[in-house]
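Asker: Following this message is one structure expressed as structure tokens.
The values are calculated or read from the model by the stated rules, or taken from the named source; none is laboratory data. Here the structure is a predicted model, which means the values were calculated and not measured. In this analysis, Cβ positions are derived from the backbone assuming ideal geometry, glycine residues included, and neighbour counts consider all displayed protein chains. Heads up: the accessible areas ignore ligands, DNA and RNA and are worked out on the full protein's heavy atoms, side chains in. Shrake-Rupley method; radii C 1.70, N 1.55, O 1.52, S 1.80 Å.
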Amino acid sequence: MNADDLSFIGEQVSHHPPVSACHALHHELGIKYDGHVWTKSKFYGLSVGVEMIGPGIVTLEQYDEQYDMDFPNVVCRSILTIPWAEVVGDTHITCAKTGFSAKVKFHPKPFYRGYPNRIFAEVFSKTSKTPLCTIEGKWDDVLTTTYPDGRKEVLFDKSTVIRAPKRVRKLTDQDNQESRRLWFNVTQNLLSRNGEEATTHKSQLEQKQREEAAMREKNGTKYHPKYFELDGTKWVYKHRNSPHHSSIEEPCGSSVSPQDVDSS
């Protein structure tokens, strides 16, 4: 692993309710992310709303600053025709050390006109009642910062970003419980548009998980995640204090190893 690599590890830490925890670290930049999330779904006619519940924490190690955030929601539209998804709702970001905070609003795509993936954010200091600056644009294209004196500057431009290649470990080298290998048959059938076979394999996997959960309950045993542990009300990475923690690549349980990523 190089200093400029971004390492990531995630694991389903609870099945009822389904909770997933993750940890990410960029060594060279000294930026770390920790968080966990579980979801609640609601049907709205031709759409499905997914409420994302759980905390996220971004740590800037160089400045010893920690930014706490919550998550926006996801809405899946046109589920009976050509489904598509968008991020909607509000996110709040706060830093206890500096007193800075931000309110970020993810706008839904207008029904008739307009564009998806638009956001508007306001950044505040501890004492300010008016924003220090605002940020708006499309989070998947260009974001522009505007200051009170009217100055504008580009905060993010997707066209200038170089996307790093992703590394995927061979299926034969993965543990039986790694997500890419575990769900291989489901994925392949979905790609082949064979919904019936995909559903069959999915049902088999879920039935096995239910049986394993029932056996644990019968034996009075508790499910223990491989890489995460509960610290108060938050799931945290077990090896977070190790200087070489992000080099761990051994998969286990329902976890996703640092190299079990999308190959696209």
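Asker: For Tyr44, what charge total do you get from the other residues with a beta carbon under 14 Å from its beta carbon, if Lys and Arg give +1 and Asp and Glu give -1?
Answerer: Values: positive: Lys40, Lys42, Arg77; negative: Glu51, Glu86.
Result for the neighbourhood of Tyr44: +1.
Asker: Next question. Taking the Cα of Lys103, stepping 7 Å toward and past its beta carbon, and measuring to each backbone N in region 123-152: which are under 14 Å?
Answerer: Within reach of a label on Lys103: 123-125, 128-135.
Asker: Please work out how much length the chain gains when fully extended from Ala164 to Asp141, using 0.36 nm per residue of separation minus the C-alpha to C-alpha distance, in nm with one decimal.
Answerer: Working: separation 23, 0.36 × 23 = 8.28 nm, distance 1.73 nm.
Difference between extended and current length: 6.5 nm.
Asker: Around His107, what is the net charge, scoring Lys/Arg as +1 and Asp/Glu as -1 over all other residues with Cβ under 15 Å from its Cβ? Write out the running numbers ahead of the final one.
Answerer: Working: positive: Arg77, Lys103, Lys105, Lys109, Arg113, Arg118, Lys138; negative: Glu86, Asp90, Glu122, Glu136, Asp140, Asp141.
Its environment carries a net charge of +1.
Asker: With a 1.4 Å probe and all protein chains left in place, how much of the accessible area of the chain comes from carbon and sulfur atoms, in whole percent?
Answerer: Numbers: 9670 of 17460 Å².
Here it works out to 55 percent.
Asker: Too long at a 24 Å Cα-Cα cut-off: which of Lys170/Lys222; Lys129/Lys234; Lys105/Lys126?
Answerer: On the way: Lys170/Lys222 31 Å; Lys129/Lys234 31 Å; Lys105/Lys126 20 Å.
Violating the 24 Å limit, Cα to Cα: Lys170/Lys222; Lys129/Lys234.
Asker: Which of the following values of P(r) over Cα pairs in 10 Å bins from 0, in percent was calculated from the structure shown: (i) 6, 24, 24, 19, 16, 9, 3, 0; (ii) 7, 22, 18, 13, 13, 10, 6, 3, 3, 2, 2, 1, 0, 0; (iii) 6, 21, 33, 27, 11, 2, 0?
Answerer: Evaluating P(r) over Cα pairs in 10 Å bins from 0, in percent on these atoms matches (iii).
Asker: Another one. Select from Leu46, Val75, Val88 the residue farthest towards the positive end of the dipole of the chain; place +1 on Cβ of Lys and Arg, -1 on Cβ of Asp and Glu, and compute about the Cα centre.
Answerer: Leu46
Asker: Further question: With the crude spin-label approximation of a point 7 Å out along Cα→Cβ, what separation in nm comes out for Leu60 versus Thr130?
Answerer: Distance between the two pseudo-spin positions: 2.4 nm.
Asker: Further question: Please list 3J(HN,Hα) in residue order for region 210-221, calculated via the Karplus relation 6.51 cos²θ - 1.76 cosθ + 1.60 where θ = phi - 60°; whole Hz, with x for glycine and proline.
Answerer: So the Karplus estimates, Gly and Pro as x, are 5, 5, 5, 5, 5, 5, 4, 5, 5, 8, x, 9 Hz.
Asker: Tell me, what is the FRET efficiency for Lys238 and Thr200 to the nearest 0.05, using R0 = 41 angstrom and their Cβ-Cβ distance as r? Provide the component values of the computation, followed by the final result.
Answerer: Numbers: r = 36 Å, r/R0 = 0.87.
E(calc), rounded to 0.05, equals 0.70.
Asker: Using r as the Cβ-Cβ distance of Ile82 and Trp183, and R0 as 22 Å, what FRET efficiency do you calculate, to the nearest 0.05? All intermediate terms of the calculation are to be shown ahead of the outcome.
Answerer: Working: r = 23 Å, r/R0 = 1.05.
For Ile82 and Trp183, the calculated efficiency is 0.40.
Asker: Computed over the Cα atoms of region 66-117, what is the ratio Rg over Rh, Rh following Kirkwood? Don't jump to the answer; show the numbers that get you there.
Answerer: Numbers: Rg = 14.8 Å, Rh = 12.8 Å.
Value, to two decimals: 1.15.
Asker: Rounded to the nearest 0.05, what FRET efficiency is calculated for Met215 and Val50 with R0 set to 30 Å and r the Cβ-Cβ distance? Could the numbers behind the result be given before it?
Answerer: Working: r = 30 Å, r/R0 = 1.00.
Efficiency for this residue pair is about 0.50.
Asker: Using heavy-atom solvent-accessible surface (probe 1.4 Å) with all chains present, what is the largest-first order of His27, His36, His224? Provide the component values of the computation, followed by the final result.
Answerer: Working: His27 75, His36 20, His224 140 Å².
Order by accessible area, largest first: His224, His27, His36.
Asker: Given the whole protein assembly as supplied and a 1.4 Å probe, what does the accessible area of Ser20 come to in Å², nearest 10?
Answerer: Surface accessible to solvent at Ser20 totals approximately 60 Å².
Asker: In addition: Find out how many positive minus negative residues lie around Glu136, taking Lys and Arg as positive, Asp and Glu as negative, among other residues whose Cβ is under 11 Å from that of Glu136. The partial results should precede the final answer.
Answerer: On the way: positive: Lys105, Arg118, Lys138, Lys152; negative: Glu122.
With Lys, Arg at +1 and Asp, Glu at -1, the neighbours total +3.
Asker: About the Cα centre, and with charges only on the beta carbon of Lys, Arg (+1) and Asp, Glu (-1), how big is the dipole of the chain? Nearest 20 debye, please. Don't jump to the answer; show the numbers that get you there.
Answerer: Numbers: 34 positive and 35 negative charges, 141 e Å.
Rounded to the nearest 20 debye, it is 680 debye.
Asker: Also, quick follow-up: Heavy atoms only, probe 1.4 angstrom, no DNA, RNA or ligands counted: give me Glu153, Glu206 ranked by accessible area, highest first. List each step's numbers first, then the result.
Answerer: Numbers: Glu153 85, Glu206 55 Å².
Heavy-atom accessible area, descending, gives Glu153, Glu206.
Asker: I've got another one for you. Does region 97-173 come out rounded, prolate or oblate, given a ≥ b ≥ c as the square roots of the eigenvalues of its C-alpha gyration tensor, rounded meaning a/c under 1.5 and, failing that, prolate meaning a/b above b/c? Walk me through the numbers before you get to the answer.
Answerer: On the way: a/c = 2.19, a/b = 1.60, b/c = 1.37.
Note, shape of region 97-173 comes out prolate.
Asker: Here's a follow-up. Restrict the search to region 43-135; then list the trypsin sites (Lys or Arg not before Pro) that DSSP places in a loop and that have at most 14 other Cβ atoms within 10 Å of their Cβ.
Answerer: Values: sites: Arg77, Lys97, Lys103, Lys105, Arg113, Arg118, Lys126, Lys129; in loops: Lys97, Arg113, Lys126, Lys129.
Passing both the DSSP loop test and the Cβ count: Lys97, Arg113, Lys126, Lys129.
Asker: Express in % the proportion of alpha carbon pairs of region 16-69 at distances exceeding 15 Å. Please report the intermediate quantities before stating the final value.
Answerer: Numbers: 828 of 1431 pairs.
That fraction is 58 percent.
Asker: May I pose another question? Would you calculate the volume per residue, in Å³, of the smallest convex hull containing every Cα atom of region 47-202?
Answerer: Numbers: hull volume 32.1 nm³, N = 156.
Enclosed volume per residue, from the Cα hull, is 206 Å³.
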